[in-house]
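Trainee: Below is a structure I'd like to ask you about.
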Amino acid sequence: MTAQRSKEPNEQVPASPDLRLAASARTARPGELVAVDSRGREVSRFSLHLRPVWLGAILGILSAPFMLLDLAELGFGMTAAGVVGLVLAHRAQRPYLQAQSRLVAGDLAGAEAILARLATPARGPRARHRLYIEGYLAYARGHDREAIQIFERGLPQFKRRDFRRTSIEAALVELYVRTGEIAEARRLRDRITPPGPGADMIALSLAGADLVLASAEGRERELPEDDLQRWTRLALELNHSSLTLAALARVFAARGDDELADHLAREARDRFSWCPLECTPALARWIDERIARAPAAHD
């Protein structure tokens, strides 16, 4: 299993001016970025020179804020050897990438410190990038109302069927559930149109929204078994998926599958994630109580 194990705060990835590109979402280490195309599908770092790509950090949380920067929109070029030219190509955008890298490494204070030094235009790529990072900083802090305000303000800046818009909408569904706005969460989820098939990270993002909403509506037993098995496989394969694993554990417990629920609860608490489970206090308490009652795990 390639997922990173949990780290204490003082063991977070050290700040670095270098921006690192992961080979894939499944091997991404804390702080590394992943290249994806306009539909949110991964692009090999060895073929980046073949087409414009989008760059983002693989966070893999419940609402998956992993894809962000439209390189084609910014006019970035790629070197012939497949080496990403963006790292040195655009000084104005680089600090936002560094802030997002700190965010995905779990260094929320570091990301905030970088943003605090930046004067950001009201619109355009840098404005969208900042809104995205600030929204997920509020999300991770458990400042749900603030996150909702940021995302609702930023949503009109993204075109429909833009995978980044889908990511924000999935995050909003989960945030509405957190704040008890279940009807609003349902209305938004019913309006979401994925940008296209083939993107595991987008699929997991929407799965997280569906899991949280199903639990809030008491519909855990209505979720198709095939979907649950696919989401479980993805959550176990991708890094930074602790919130998704926690939501899956709660759903499987409600469906009477205690063995799998206990396993997923342990995985949710044990894994490193940029976003702590405590951003949703009720879910974090449920996970800890579940682990405390569960039979001892056998290797």
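Trainee: How many of the residues making up segment 235-249 are in contact with a Lys or Arg (Cβ under 9 Å, 6 or more places away or on another chain) and in a helix (DSSP H, G or I)?
Mentor: Selection size over segment 235-249: 5.
Trainee: Give the residues of segment 116-134 that are under 21 Å from Ser167 (Cα atoms), out of contact with any Pro (no Cβ under 7 Å at 6 or more places or on another chain) and in contact (Cβ under 8 Å) with a residue 12 or more places away in the chain, sorted by residue number.
Mentor: Passing the criteria: Arg123, Pro125, Arg126, Arg128, His129, Arg130, Leu131, Ile133, Glu134.
Trainee: Would segment 283-293 turn up any residue that is aromatic (Phe, Trp, Tyr) and at pLDDT below 95?
Mentor: No, that holds for no residue.
Trainee: Another one. Taking the condition surrounded by fewer than 19 Cβ atoms within 10 Å (Cβ to Cβ) and closer than 23 Å to Glu222 by Cβ, does Ala282 pass?
Mentor: yes
Trainee: Among the residues of segment 250-266, is there at least one that is farther than 26 Å from Asp144 by Cβ, touching a residue at least 60 places away in the same chain (Cβ under 8 Å) and not in a loop (DSSP other than H, G, I, E, B)? Let's see the steps before the verdict.
Mentor: At the first step, the residues of segment 250-266 found to be farther than 26 Å from Asp144 by Cβ are 255-260, 262-263, 266.
Now drop any that are not touching a residue at least 60 places away in the same chain (Cβ under 8 Å), which leaves none.
No: segment 250-266 contains no residue that is farther than 26 Å from Asp144 by Cβ, touching a residue at least 60 places away in the same chain (Cβ under 8 Å) and not in a loop (DSSP other than H, G, I, E, B).
Trainee: Suppose the filter is farther than 20 Å from Ala253 by Cα, in a helix (DSSP H, G or I), without any contact (Cβ under 8 Å) to a residue 40 or more places away in the chain and of a type in the set (A, V, I, L, M, F, W, C); does Ala214 pass it?
Mentor: No, not satisfied.
Trainee: From the set of residues in segment 156-186 that are of a type in the set (Phe, Trp, Tyr) and in a helix (DSSP H, G or I), which is surrounded by the fewest Cβ atoms within 10 Å (Cβ to Cβ)?
Mentor: Result: Tyr176.
Trainee: Is segment 242-251 home to any residue that is over 28 Å from Glu112 (Cα atoms), basic (Lys, Arg) and crowded, with 18+ Cβ neighbours inside 10 Å?
Mentor: yes
Trainee: Is it true that Tyr139 is aromatic (Phe, Trp, Tyr), touching a residue at least 60 places away in the same chain (Cβ under 8 Å) and either out of contact with any His (no Cβ under 9 Å at 6 or more places or on another chain) or assigned to a helix (DSSP H, G or I) (or both)?
Mentor: When the stated conditions are applied, Tyr139 passes them.
Trainee: Can you tell me which of (1) surrounded by fewer than 22 Cβ atoms within 10 Å (Cβ to Cβ); (2) assigned to a loop (DSSP other than H, G, I, E, B) is the one Ser273 doesn't meet?
Mentor: If we test Ser273 against (1) surrounded by fewer than 22 Cβ atoms within 10 Å (Cβ to Cβ); (2) assigned to a loop (DSSP other than H, G, I, E, B), just (1) comes out false.
Trainee: Look at segment 100-131 and say how many of its residues are under 17 Å from the mean Cα position of the chain (by Cα), at pLDDT 90 or above and either surrounded by fewer than 21 Cβ atoms within 10 Å (Cβ to Cβ) or outside any loop (DSSP other than H, G, I, E, B) (or both).
Mentor: Of the residues in segment 100-131, the ones under 17 Å from the mean Cα position of the chain (by Cα) are 100-108, 111, 128-131.
Next, from what is left, pick out any that are at pLDDT 90 or above: 107-108, 111, 130-131.
Filter again for either surrounded by fewer than 21 Cβ atoms within 10 Å (Cβ to Cβ) or outside any loop (DSSP other than H, G, I, E, B) (or both), leaving 108, 111, 130-131.
Counting residues in segment 100-131 that are under 17 Å from the mean Cα position of the chain (by Cα), at pLDDT 90 or above and either surrounded by fewer than 21 Cβ atoms within 10 Å (Cβ to Cβ) or outside any loop (DSSP other than H, G, I, E, B) (or both) gives 4.
Trainee: Turning to a different aspect of this structure: Under the condition of being hydroxyl-bearing (Ser, Thr, Tyr) and at pLDDT below 90, which residue from segment 187-241 is surrounded by the fewest Cβ atoms within 10 Å (Cβ to Cβ)?
Mentor: Checking each candidate, the answer is Thr193.
The values are calculated or read from the model by the stated rules, or taken from the named source; none is laboratory data. This structure is a prediction, so every number in the text was calculated from the model and none was measured. Virtual Cβ from ideal backbone geometry, glycine too; neighbours counted across all protein chains shown.
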